[in-house]
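Scroll down for the structure; my scribbles are underneath it.
The values are calculated or read from the model by the stated rules, or taken from the named source; none is laboratory data. Bear in mind that the values here come from a model prediction, so they are computed numbers and not experimental data. Cβ atoms come from the backbone with ideal geometry, glycine included; neighbour counts cover every protein chain shown. To get the accessible areas, we keep the full protein, side chains included, count just its heavy atoms, and leave off ligands, DNA and RNA. Shrake-Rupley method; radii C 1.70, N 1.55, O 1.52, S 1.80 Å.
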Amino acid sequence: IQRLAGPGATFDTLLAFENYPGDPAVPPSAEGLTLTDTEIRESTNFALTLSVNPADDLGLWLDYRPDLLDEESVRAVAARLVRVLEQMAADPGARVGDIDPLDPEERSRVVGEWNATARPLEAAGTVPELFAAWARSAPDAAAVRCGADLLSYGELEGRANRLARYL
């Protein structure tokens with residue numbers, strides 16, 4: 001959401017609890033003026049807004065900016081929220097870490113597909129040997145950055161070799 005809202009967005013999400021006092025059976029009025037047949041149209045300036053009305057029945061409203069988020073993504077967020085609430089209702093004593101917002105398909109994608117990073121080694125050797133080979137093939141490529149300081153693979157390999165000889 002932060003990435004989609006852009007760098008100018010100080011806040012990108014809002015959670016609002018709307019527990020206005022008053023009897024919902026009595027129409028709102030001010031000094032003899034009664035409002036009837038009213039309709040409220042709300043919109044949000046935030047990428048995503050969740051409004052909660054903890055009245056007799058818990059009411060939840062999820063609103064979003066369609067220029068930043070698509071309906072499918074927001075529906076996925078809503079489905080995760082429902083899963084979390086269902087798990088909390090089923091076991092109020094559950095630890096937060098045991099509540100899973102992902103459905104089985106999403107869990108499989110995150111843990112299996114997106115985490116499928118295993119790659120066969122193209123050349124046999126130890127990590128230092130593979131690093132040295134990379135430093136030889138791309139000595140000027142950026143290897144380490146800390147603030148404004150940058151070390152290339154060649155420089156890092158040279159420093160590592162000096163340290164190894166010293167040790």
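Of all the residues in region 91-135, those that are more than 25 Å from the chain's Cα centre (by Cα), open to solvent by 90 Å² or more (accessible area, probe 1.4 Å) and of a type outside the set (V, I, T) number 8.
Per-residue answers, yes or no, for (1) free of Cβ contacts under 8 Å to residues at least 12 places away in the same chain; (2) in a helix (DSSP H, G or I):
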residue	(1), (2)
T49	no, no
L60	no, no
P66	yes, no
R80	no, yes
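Within the option set R75, R162, being farther than 30 Å from D12 by Cα, of a type in the set (D, E, K, R) and not in a loop (DSSP other than H, G, I, E, B) holds for one residue only, R162.
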